[in-house]
1. Please find, within the stretch 1-60, the residue that is most open to solvent (accessible area, probe 1.4 Å) out of those that are out of contact with any helix residue (DSSP H, G or I) (no Cβ under 9 Å at 6 or more places or on another chain) and under 16 Å from R161 (Cα atoms).
2. Considering (1) under 19 Å from D39 (Cα atoms); (2) part of a helix (DSSP H, G or I); (3) not polar (S, T, N, Q), say which one I164 fails and leave the rest.
3. Of the residues A159, A103, A115, A185, only one is modelled with pLDDT of 95 or more, farther than 20 Å from L76 by Cα and either touching a strand residue (DSSP E or B) at 6+ places or on another chain (Cβ under 8 Å) or not acidic (D, E) (or both); which?
4. Could you tell me whether the stretch 126-133 includes any residue that is surrounded by fewer than 14 Cβ atoms within 10 Å (Cβ to Cβ), farther than 19 Å from G11 by Cβ, more than 15 Å from the chain's Cα centre (by Cα) and among the small types (G, A, S)?
5. Give me a count of the residues in the stretch 153-166 that are surrounded by 15 or more Cβ atoms within 10 Å (Cβ to Cβ) and either among the polar types (S, T, N, Q) or within 20 Å of the chain's Cα centre (by Cα) (or both).
6. Could you check, for the stretch 176-197, whether at least one of its residues is farther than 18 Å from L7 by Cα and β-branched (V, I, T)?
7. Looking at A169 and the list (1) open to solvent by 20 Å² or more (accessible area, probe 1.4 Å); (2) in a helix (DSSP H, G or I), which single condition is not satisfied?
8. Would you confirm whether any residue within the stretch 21-33 is touching a residue at least 12 places away in the same chain (Cβ under 8 Å) and within 17 Å of the chain's Cα centre (by Cα)?
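The values are calculated or read from the model by the stated rules, or taken from the named source; none is laboratory data. These numbers were taken from a predicted model, which means no experiment stands behind them. Cβ sites come from the backbone with ideal geometry, for glycine too, and all protein chains shown count toward neighbours. Each accessible area value is taken on the protein alone, full model and side chains, heavy atoms only, with ligands, DNA and RNA left out. Shrake-Rupley method; radii C 1.70, N 1.55, O 1.52, S 1.80 Å.
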Amino acid sequence: GSVFFLLLSIGIGIQAGASAMIAPDVGRGGTGQAKYWIDNVSGMAIGFSVLSFLLGVFAARPLVVLLGAEPHIEPLALEYLWVTLAGSVGFTLSFGAAGALMALGDTKSNRNALAIGFVANFALNPLFTFGLGLGVTGIALATVVIKLATAFYLLRVLARRLDIRIRPAFDRSRWKALLKQVLPASFNTLTIVLGGFITVALIGQFGSHQVAG
C-alpha cells in the first residue's frame with residue numbers, strides 16, 4: 001500500500017508538470033508546442049517507472065522488513081510489490097496523459113476512465129485473486145491491468161484530439177522545465193507517504209495484526 005501511494009505521488013507530480021507546461025500554449029490560443037511537451041512527458045513517465053523498478057530491485061526486501069513484515073507475510077508483500085513496480089509505467093503514463101488533457105480543457109476523459117476502472121476492479125479482483133487462483137498477485141495485477149488500459153485510452157484520446165503520434169522523447173531543456181513543476185508537486189504528496197512509512201515501521205515492531213489495525 002505504501003508503494004502504491006509512492007507511485008501515486010510520482011504520478012501526481014507528472015500530471016501537474018504536464019498541465020503547467022501545456023496550459024500556457026492553450027491559453028495563448030495555440031497547441032503548436034503541445035506535441036513536444038507530451039512526448040517529453042511520456043519519456044519522463046517511462047523514465048520514472050524504470051527508476052522506481054530499479055530502486056525496488058535493491059530496496060524492496062529491506063523495505064518490507066523495515067515495515068515489520070513477519071516471515072509468513074514477507075513473501076505476500078513482495079508478490080504485491082513486484083507486480084506493482086513492474087506495471088508502474090501504467091500509473092505514470094496515465095497521470096501524464098490526464099494532465100495534458102486537463103490543460104486542453106478535457107477533464108471528462110479521465111473521469112470516465114477512473115469511473116470505468118472503479119467498476120472494473122469489482123470484476124477483476126475476484127477473478128484474478130480467486131477465479132484464477134493468483135492470490136495477492138491477482139490483487140496487484142488487477143490494478144496494473146486497469147492502469148495500463150487507462151494509459152492506453154487517455155493517450156489515444158490525446159493523440160486523436162491533437163492529430164499527433166506520441167513518441168517518448170528526452171529533451172534536456174524540456175525535462176529541466178518539467179522537473180521544476182513535477183518535483184515540488186510530487187514531494188508535497190511524498191511527505192504524506194513518508195509519514196505513513198514511519199508510522200507503519202514503528203507499529204510493525206509489534207506485529208502484522210497491529211499494522212492491519
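1. G29
2. Evaluating I164 over (1) under 19 Å from D39 (Cα atoms); (2) part of a helix (DSSP H, G or I); (3) not polar (S, T, N, Q) leaves (2) as the failure.
3. On the way: A159 fails: modelled with pLDDT of 95 or more; A103 fails: modelled with pLDDT of 95 or more; A185 fails: modelled with pLDDT of 95 or more.
Unique residue meeting the criteria: A115.
4. yes
5. Within the stretch 153-166, the subset surrounded by 15 or more Cβ atoms within 10 Å (Cβ to Cβ) is 153-155, 157-159, 161-162, 164, 166.
Filter once more, so that each one left must be either among the polar types (S, T, N, Q) or within 20 Å of the chain's Cα centre (by Cα) (or both): 153-155, 157-158, 166.
Number of matching residues: 6.
6. Within the stretch 176-197, the subset farther than 18 Å from L7 by Cα is 176-177, 180.
Among the residues that remain, those that are also β-branched (V, I, T) are: none.
No, every residue in the stretch 176-197 fails to be farther than 18 Å from L7 by Cα and β-branched (V, I, T).
7. Going through (1) open to solvent by 20 Å² or more (accessible area, probe 1.4 Å); (2) in a helix (DSSP H, G or I) one by one, A169 breaks only (2).
8. no
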